[in-house]
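Remarks on the structure that follows.
Just so it is clear, none of the values below were taken in a lab; they were calculated from the coordinates. None of these values were measured; they are calculated from a predicted model. Neighbour counts are summed over all protein chains in view; Cβ atoms, including those assigned to glycine, are modelled from backbone coordinates with ideal geometry.
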Amino acid sequence: MLIYSIDTSGWTSLKRGYPANNFPSLWRNVDYLAKNNRLISPHEVYAELEKQDDELLKWAKLHKESFLKLDSEQVAVGLQIVADYPTLVNPLKQTPDADPFVISLAIVRQKRSTLLGDECIVVSAEKRGSPQKYKIPDVCVYFGIRHFTILDVIAEEGWTF
């Protein structure tokens, strides 16, 4: 089974590219993934979404169970990611940057669910960066975690509209 750890940019890409009013069946599928614990984000993503008072925040409030508080292992992995890839985060940002925690959530979930045959994939709208400005896909490559865009999720799930 595939589990998706989705970043704020992934959520925003989903909302902008596939608005619920125009793609209701897509959002029913998204709801299904969320209700079956296959679409997750760290709580830090929820905090970033709270800055946008829009339809996406309304959706997130209805699916709070998809936004997880991190355990100590996930926090430790996230902090190690920041230490190894300091340009991944913006040190001037007022709220904690979600990027390392989206990845750490996937890494730890992947490690814990390997015996069950589950795979955790990071989802964002980001493209590869550079050592001067690492991006989520760069870190995923290092840790051997697959990185998808929203369109990749749609294709992997076999959704057609």
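Side notes on the structure shown:
- Ranked by how many other Cβ atoms sit within 10 Å of their own Cβ, fewest first, the residues Ser25, Ser5, Ser66 fall in the order Ser25, Ser66, Ser5.
- Among Tyr18, Tyr4, Tyr32, the ranking by other beta carbons within 10 Å of each residue's beta carbon, starting with the fewest, stands as Tyr32, Tyr18, Tyr4.
- Extension gain, Asn37 back to Leu151 (0.36 nm per residue minus Cα-Cα distance, nm): 39.1 nm
- The length gained by stretching the chain between Asn90 and Asp53 to full extension, at 0.36 nm per residue less their Cα-Cα distance, is 11.1 nm.
- In degrees, nearest ten, helix 24-35 long axis to first principal axis of the chain (Cα): 50 degrees
- Sorted ascending by nearby beta carbons within 10 Å, beginning with the fewest, Thr87, Thr12 become Thr87, Thr12.
- Gain upon complete extension [Gln80, Lys133; 0.36 nm per residue less C-alpha separation]: 17.4 nm
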